[in-house]
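Before any comments, here is the structure.
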Amino acid sequence: MIFCSKPQKFTWRNAITLLLLLTAGSILILILIPSGSWFGSETDWYSQHVTIADYMRKNFYATGSLFPDFTGLGGGTNFFSLSYYGFMRPDVLISYLFPHVEMEWFIQGYAIFEILLGGGLLYYWLHRKGFSDFTSFACGFFYLSANCFFQAHRQIMFVNYMPFLCLTFFGIDRYFEQKKSGLLIGGTFLMIMTSFYFSIGGILALGLYGIYRYARTKERA
């Protein structure tokens, strides 16, 4: 069943299943991290993500600007030539509030949090759509163990928009069910601010799902 006229209720049994899913995902991540290591590639993270984000934080403290025209990285370059890395990501912006916490803690913690968040949101969304608990759990686990999340500790911008994509699917359902667009707009905004390059594919997926929901709504009218 892919379309339900009424969203399915979330029970305590579903809460237990969701907890088991997130626990399984956490164990899977812990198993993959070598003892004494960070959840992140030394090459990609420390030469790119951590270094650039930490520079942006220090630059913000010095200038008060979220959008500098010029950075001193790489011998000097235009800020927007590095925007591919996503400087408006929630983890980067939140780090500005905690200057004494090292940047790698934010990026590592947020990368793990986003993987688990996406799996949990997918499980909850499929449950609401009427799929069985087993199917919802299996799909959530497949999400958590998907090969693409190798990039969660490499080139993080390839995958860190995905939880917001899952969230925006809720927003589309909410719009058609309640005519409220806040979650749809908010989820899309967060996806774009996290990775505006890769949000294009996400928006296309949302458009296809929106067309499907519209067609089914007209069919049931």
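The distance from the alpha carbon centre of the stretch 142-177 to that of the stretch 67-89 is 25 Å, rounded to a whole number.
The length gained by stretching the chain between Thr23 and Phe142 to full extension, at 0.36 nm per residue less their Cα-Cα distance, is 41.4 nm. Build a GNM of the chain with springs between Cα atoms under 10 Å apart, and of Thr63, Thr168, Thr194 the one that fluctuates most is Thr63. Tell me, which longest segment in the chain has none of the trypsin sites (Lys or Arg not before Pro) that fall in DSSP loops with at most 12 further Cβ atoms within 10 Å? Looking at the chain, 10-178 is the longest stretch - no exposed trypsin sites (Lys or Arg not before Pro) with at most 12 other Cβ atoms within 10 Å.
Counting only protein heavy atoms and a 1.4 Å probe, the stretch 79-195 has 44 square angstrom of accessible area per residue.
Round to a whole number: what % of the accessible area of the chain belongs to carbon and sulfur, probe 1.4 Å? Result for the chain: 68 percent of the exposed heavy-atom area is carbon or sulfur.
Between Phe158 and Phe176, the distance separating the two model label sites (each 7 Å from Cα on the Cα→Cβ line) works out to 3.2 nm. Only lysines eight or more places from Lys9 in sequence, or on another chain, were considered; those with a Cα closer than 24 Å are Lys129, Lys179, Lys180. Please enumerate, by chain and number, the aspartates and glutamates with C-alpha under 12 Å from the C-alpha of Lys58, excluding those fewer than 8 residues away in the same chain. Candidates past the 8-residue exclusion: Glu102.
Other residues with beta-carbon under 15 Å from the beta-carbon of Tyr214 carry, at +1 per Lys or Arg and -1 per Asp or Glu, a net charge of +3. Projecting the alpha carbon convex hull of the chain along each direction and taking the average yields 13.9 nm².
The values are calculated or read from the model by the stated rules, or taken from the named source; none is laboratory data. Since this is a predicted model, take the numbers as computed values, not measurements. FYI the Cβ positions are ideal-geometry reconstructions off the backbone, even for glycines, and counts take in every protein chain you see. Surface areas here come from the heavy atoms of the whole protein model, side chains and all, with no ligands, DNA or RNA. Shrake-Rupley method; radii C 1.70, N 1.55, O 1.52, S 1.80 Å.
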